[in-house]
Every structure is written in structure tokens, then in C-alpha cells.
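In what follows, a structure is listed as C-alpha cells, so that the remarks can point back to it.
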Amino acid sequence: MNIALVTLFAAALAAPGSDPNAIDPKTGLPNLARPDSVPLTTTTPTPTQPTSSTSPTITPSPGPSASSSVAPPSRARGLVPPSGPQPEGPPMPQGQPISLDIDDTAPFAVEPLALSDALRMAFESNMDLATNAIDIAISETQVMAAIGAYDVFVVAGLNASRVATPQRGSAVVFSTGQRSWGGNLGLRRKLETGGTVQLTLTGTRSVNNQPISFFNAAAGTVDINGYNVTTNLQLTQPLLKGAGIKVNRADIDRAKIAVTQNEAARMVTAQNVIRDVILAYWEVLYAQRDLQNKRRSAQIAAEQLQRTQAEVAAGRRSPLDGRSLEQTVALRESDILLAENLLLERSLNLRNLLGQDIVERDILGIEAASDPQLLQPRPVDVKDEIRRALAANPQVRQLQLALASRRIDEMVAANQRLPQLDVTGAFVPRGVSNDRIANANTGDPGNRGGWSEAFGNFFNDDIRNKGLVADYQVSGGLNLTWDVQNRTPKANHERVLLELARAENTLKTSQRQISTAVVRAANQMRSAGKRMEVTEFSVGLAKENLEAERARYAVGRSTSYEVLFRLDELALAESNALRAQIDYLLALTELQTLTGELLPAYGIELMKGGRAAGAPASAPSTGRADR
């Protein structure tokens with residue numbers, strides 16, 4: 001356990017009326033004026049006075065220079081060799097002056113670090129967040145690919161042919177050869193209902209070599225030019241299997257859900273990164289304040305030893321009193337060593353979370369520059385927090401999206417069990433123009449065909465009586481394909497149903513676990529808040545008891561044992577007070593993580609690329625009114 005409600009949460013002075021959005025350039029902390037906040041101190045405990053619920057105000061704590069290396073303090077501080085004649089029994093140190101200066105710095109190089117800077121470093125160096133951003137970009141391209149199934153396609157082509165069929169013997173022939181060339185241009189698009197529509201325009205120029213008289217081959221042949229323009233409109237639409245907008249947009253919906261899932265995964269990663277850094281940072285602050293408290297405890301014990309040595313030298317105390325105090329000072333020095341090791345361990349853990357390489361780093365220790373000086377526990381409505389968590393927790397959101405994707409799979413699998421019944425239709429209007437051979441018997445001079453005549457032949461001269469188009473073809477069909485046993489679609493559907501049931505169970509399990517975690521975090525906040533009140537009062541009483549015991553000791557009405565007992569009481573009370581406040585911050589961080597409020601509480605907003613928008617704050621918002 002560690003020491004000191006006094007050092008961890010000393011009163012912070014905030015200028016009334018200052019801009020709440022202003023940032024302290026030294027620490028990167030918001031300068032929030034909290035005139036209604038009550039500092040948690042132990043100088044004058046007032047457990048019965050009502051306090052108002054406010055959010056913590058953060059101010060930087062003083063610390064050593066970041067570039068200075070501090071040597072380990074002497075472990076024999078306050079213990080001087082005896083001089084002069086010694087009384088009978090074991091030699092005892094005399095009441096000579098001793099150094100009581102306590103060095104509050106660590107025996108290794110440290111540098112101040114604000115929580116806002118730590119959060120920024122974590123975002124900049126975390127590779128998981130960068131990977132999540134890439135996953136989001138990949139899923140967005142998959143959405144575009146799924147939508148691309150309904151793109152408009154241009155279809156075009158060119159063709160040419162030459163055919164020669166000379167007359168053999170007395171066979172009757174209608175053509176002795178043909179040359180043709182042409183092209184087509186069209187558009188094709190898949191419909192959201194599952195069908196396909198295509199419109200094609202084809203133009204063909206042909207030259208047919210045919211006999212002048214089919215029954216008299218000796219009459220010779222003539223070339224007939226032909227111009228053919230055809231428009232082909234085709235439609236194919238499934239009526240059962242593969243029909244429907246929801247079924248055919250399933251790939252698009254799944255791809256969009258995948259994007260949201262990856263965004264939720266990025267939110268989970270960001271929350272975990274922020275949570276781990278915040279928890280590690282508060283543990284550094286705990287180790288830092290615990291080290292200061294243990295050094296102050298050692299100083300108090302050294303002061304008591306000095307007084308006892310003076311009284312032993314004056315003959316008013318037994319040398320055994322000095323021995324017991326020497327043992328206490330030695331134990332306090334041992335506690336300081338352990339606290340220094342703890343601070344270094346917590347600093348290294350935080351640097352690992354920040355992605356810092358410590359191989360070439362000269363400064364290993366961290367001084368927590370962000371210290372919640374004013375901390376007022378807020379009431380927690382457990383049911384309301386559970387509702388918030390189930391509605392906003394990104395892990396729950398991920399499972400809900402996975403369940404939605406499974407439901408889409410089930411809909412598609414059920415549709416695949418239907419027979420394949422497709423309707424097809426085509427409408428093909430044509431425009432044709434051919435050469436007309438001159439006829440001397442009738443006096444017909446003939447006529448040469450052309451493209452303009454072919455396009456003109458698309459339409460009737462008498463639209464009212466004959467219709468719009470003159471030469472056309474309309475066709476339709478209905479095709480059925482039925483898998484009688486239907487084993488593969490049935491098995492796939494049953495598999496998807498089982499996967500859907502499993503996803504529902506996973507979601508329910510996760511919701512129960514998160515609800516339980518919210519209850520635990522809320523209870524830990526409540527318990528830590530009560531402990532803060534109790535330990536604040538206990539520290540004040542322990543200080544008063546220590547001063548009273550010293551006064552009795554000074555007039556000979558107490559022993560060094562009683563003074564040591566009061567010293568231990570104060571050390572334990574300060575350690576419990578510090579632990580209670582750190583536990584409250586840890587529980588608050590855990591609750592904000594569960595309810596999805598951690599990033600907004602620290603002013604962090606994820607941008608599209610996975611980075612944080614805005615400057616992270618060095619303290620959370622703990623009250624609902626602050627958001």
C-alpha cells in the first residue's frame with residue numbers, strides 16, 4: 001500500500017471566468033474553472049460537510065527537470081556515528097544534528113509527461129489503429145465493387161464475311177456468293193430485381209450475288225446491295241430464385257455492414273489503447289505519490305529519532321528507545337527502495353504502451369505531470385449505465401452487425417431453395433433497304449438502296465392505322481429449372497440458420513458479460529468514493545493522533561513505541577487514501593470504456609484515417625452535465 005491523500009490531490013487554484021477551452025501550454029491540460037469543487041485534503045477533515053458534485057480539475061504537479069539525472073539518496077541519512085562517552089549497554093548515537101532534507105526525486109532520470117501527451121503518443125505509434133484504418137479502406141472498396149455489379153456496360157463489335165457458292169451442274173441456286181460487313185453497339189445493365197436488360201443497335205451492309213433467272217443459269221448474275229438496321233431490346237427476369245431487390249442487394253448490404261464492423265473494431269482498438277494508457281498513467285502517478293509519501297514518512301521517523309537521541313544524551317530516555325526508532329528509520333528506507341523500484345517498473349510499462357524504444361533512451365522514469373487535484377465522486381445509476389453500455393459499447397455493436405450480416409445470409413440461402421423460373425422477352429424492330437433491279441419489260445428503271453432508306457423503313461407511313469414500326473419481331477419465353485431433391489440449397493440454408501442461432505447466443509452472452517462488468521465497475525466506483533471519504537477523515541485523525549502522541553512523549557507521558565504506532569497509523573491512512581483515489585480513477589476509466597464514453601470524455605474523436613481529431617484532454621469528464 002502507498003501513502004498520501006495530501007500529495008496526490010492537493011487543492012488546485014483555477015481562475016474564475018477563465019476560458020474553459022483554453023489549454024495550458026506547459027502541460028496541455030484544459031484550464032477549467034471549478035469554483036464549486038471541493039479539494040480532497042487531509043489537513044482539516046470535514047466529513048460531515050456537504051459537497052457539490054463536480055468534475056476533477058487537473059493541474060501539473062511540480063517535478064524535477066526532465067534532463068537531470070538524480071543520484072540515489074543516502075540510505076544512512078539521519079544516522080550519525082556516536083561521539084563522547086557512551087552509557088552502559090550497547091553503544092547509542094548521541095543527539096547530534098542530523099540532515100532531515102528529503103529528496104522527493106527518483107534515483108534515476110525522469111521526465112515530466114502530461115496525460116494528453118501520452119494519449120497523443122499512443123495514437124501516433126499504435127500499429128493496430130493503422131491496421132484498422134486500412135481494413136476500413138479495404139471494406140469501402142468492397143462496397144464499391146458490390147455496387148459495380150449494377151454498372152452500365154457498353155457492348156460493341158465489328159464483323160465481316162465472304163461466302164462463295166458457285167452453281168454446279170443444273171442445280172437451282174438463289175445466290176452464288178455474299179459479302180457482308182457490319183457492327184453493333186449496345187448497352188447492358190443488371191437490374192436490382194435480379195434481371196438483365198440489354199439494348200443493341202446493329203447495322204449490316206451486304207452484297208448478294210444472285211442469278212438473274214433462277215431457272216436459267218446462262219442469264220448471268222447480278223449484285224444486290226442490302227442495308228439492314230436492327231434494334232434489339234432484350235429483358236430477362238427471374239420470378240422465384242434470385243428475384244427481389246433485397247436478395248440482389250445482399251452483397252452491397254453485407255459490404256456496408258463490413259465497413260461498419262471495421263469502424264467498430266477500430267473503436268474497440270482505440271478504447272483499449274486509451275484505457276491501457278490511462279490505467280498505466282494513473283499507476284505511475286500512484287507510484288510517484290507513494291514514493292513521496294514514504295520519503296516523508298521516513299523524514300518524520302528521522303525527526304523523532306533526532307528528538308529521542310537528544311533525550312537519550314540528556315539521560316531522560318533509555319537507549320532502547322533510540323534502538324527501536326533506528327529500526328523504524330531503517331524500515332522506512334527499505335520502503336523507499338521498494339517504492340523507487342515500483343516507480344521505475346510502472347514507468348517502463350507506460351513507455352511500452354506508448355511504443356517507445358528504451359534501448360537508446362537515457363531517461364527511463366516518468367513523472368506524471370497531470371494530477372487530478374480536485375476529485376468529487378459522482379453518483380452512478382447502474383441501470384442507466386447498463387442501458388448506455390448495451391446501446392453504445394463497440395463490442396456489442398460488432399456482434400449486432402455480425403448478427404445482421406447472418407440474417408442477410410439466411411435470406412439469401414432461403415431464396416436459393418426456390419426453383420429457377422425465368423421469363424424472357426425481346427422486341428426487335430428492323431429497317432431494311434435493298435437494291436431494286438431494272439425491268440425492261442415493265443419499264444422500271446430500278447433503284448439503289450441506302451442507309452437513309454433503311455432507317456426510314458423503321459416506321460410506317462400510316463402510324464395511326466398500321467402502328468409505329470413496320471418491320472419488327474416480338475418474342476417471349478418462360479424457363480423452369482427445378483432441383484427435385486434440392487439437397488445442396490437445403491443444407492446451406494440449415495447451416496446458415498445454425499450460424500444465426502450461434503451469433504444470437506454470442507450476442508446475448510456478451511450483453512450479460514458487459515452488464516455484469518458495468519455493475520462491477522459501478523460498485524468499485526461507489527466503494528472507492530466511500531473509501532475516499534473515510535480515508536480523508538482517517539488521515540486527518542492520524543495526523544492529530546501523531547501530534548498528540550508526540551506532545552505526550554515530550555513531557556514523558558508516552559513511549560517511543562506509542563509514537564511509532566501513531567507513525568504507522570498515519571502511513572497506513574495515507575496509503576489507503578491514495579489507493580482509494582487511484583482505484584476510483586481506474587473504476588471510472590473502466591466504466592467509461594464499457595459505456596463507449598471513454599474517447600468523448602477525453603475529447604478524442606477518430607478521424608477517417610484512424611487518427612485522433614483534436615487535442616486529447618488530460619482528465620476525463622466525470623459528470624453527465626459536462627458532456
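Quick note: the coordinates plus some simple rules give every number you see, no bench work behind them. Owing to the predicted nature of the structure, the values given are computational and were not obtained by experimental measurement. For neighbour counting, all protein chains shown are included, and Cβ atoms are generated from backbone atoms with ideal geometry for every residue, glycine included.
General remarks:
- Length released on extending from residue 327 to residue 161, taking residue separation times 0.36 nm less the Cα-Cα span: 48.5 nm
- Close amide H pairs (under 5 Å, H built 1.01 Å from N) link residue 114 with 369, residues at least 5 positions away or on another chain.
- Electrostatic bookkeeping for residue 151 treats Lys and Arg as +1 and Asp and Glu as -1; over the other residues with beta carbon under 10 Å from its beta carbon, the sum is +3.
- Peptides 197-205, 277-285, 332-340, 463-471 ordered by average Cβ neighbours within 10 Å, highest first: 277-285, 332-340, 197-205, 463-471
- Label-point gap, in nm, between residue 530 and residue 338 - each point 7 angstrom along Cα→Cβ: 2.8 nm
- Peptides 536-546, 180-190 ordered by average Cβ neighbours within 10 Å, highest first: 536-546, 180-190
- Separation between Cα centres of segment 385-451 and segment 556-604, rounded to whole Å: 69 Å
- Kirkwood Rh and Cα Rg combined as Rg/Rh, segment 245-376: 1.38
- In sequence order, calculated HN-Hα J values of segment 191-197 (Karplus, 6.51, -1.76, 1.60; Hz; x Gly/Pro): 8, 5, 7, x, x, 9, 10
- Peptides 133-142, 120-129, ordered by how many other C-beta atoms sit within 10 Å of their residues on average, highest first, read 120-129, 133-142.
- Over 32 Å between alpha carbons, listed pairs 190/490; 190/508; 256/490; 241/466; 246/383; 246/466: 190/508; 241/466; 246/383; 246/466
- Gained length - residue 552 relative to residue 423, 0.36 nm times residue gap less alpha-carbon distance: 35.8 nm
- Sequence-distant residues sharing a close amide H with residue 421 (under 5 Å, placed H): 239, 240, 241, 481
- The residues neighbouring residue 497, those whose beta-carbon lies less than 14 Å from its own, together hold a net charge of +1 under the Lys/Arg +1, Asp/Glu -1 convention.
- Coarse-grained scattering of segment 415-537 at q = 0.15 Å⁻¹, given as base-10 log I(q)/I(0) from a Debye sum over alpha-carbon atoms: -0.95
- Under 13 Å, Cβ to Cβ, from residue 322 - net charge with Lys/Arg +1 and Asp/Glu -1: +1
- Cα shape, segment 344-397, gyration tensor, a/c 1.5 rule: oblate
- Residues in segment 553-590 reached by a label modelled at residue 320 [backbone nitrogen below 15 Å; 7 Å Cα→Cβ]: 559-562
- Three-way shape call for segment 490-546 based on the alpha-carbon gyration tensor, with the a/c threshold at 1.5: prolate
- The length gained by stretching the chain between residue 142 and residue 498 to full extension, at 0.36 nm per residue less their Cα-Cα distance, is 125.5 nm.
- Cα gyration tensor shape of segment 137-267, rounded if a/c is under 1.5, else prolate or oblate by comparing a/b with b/c: prolate
- In order along segment 361-371, phi translates into HN-Hα couplings of 8, 7, 9, 9, x, 10, 9, 5, 7, 9, 9 Hz, rounded to whole numbers, per the Karplus curve 6.51 cos²θ - 1.76 cosθ + 1.60 with θ = phi - 60° and x for Gly and Pro.
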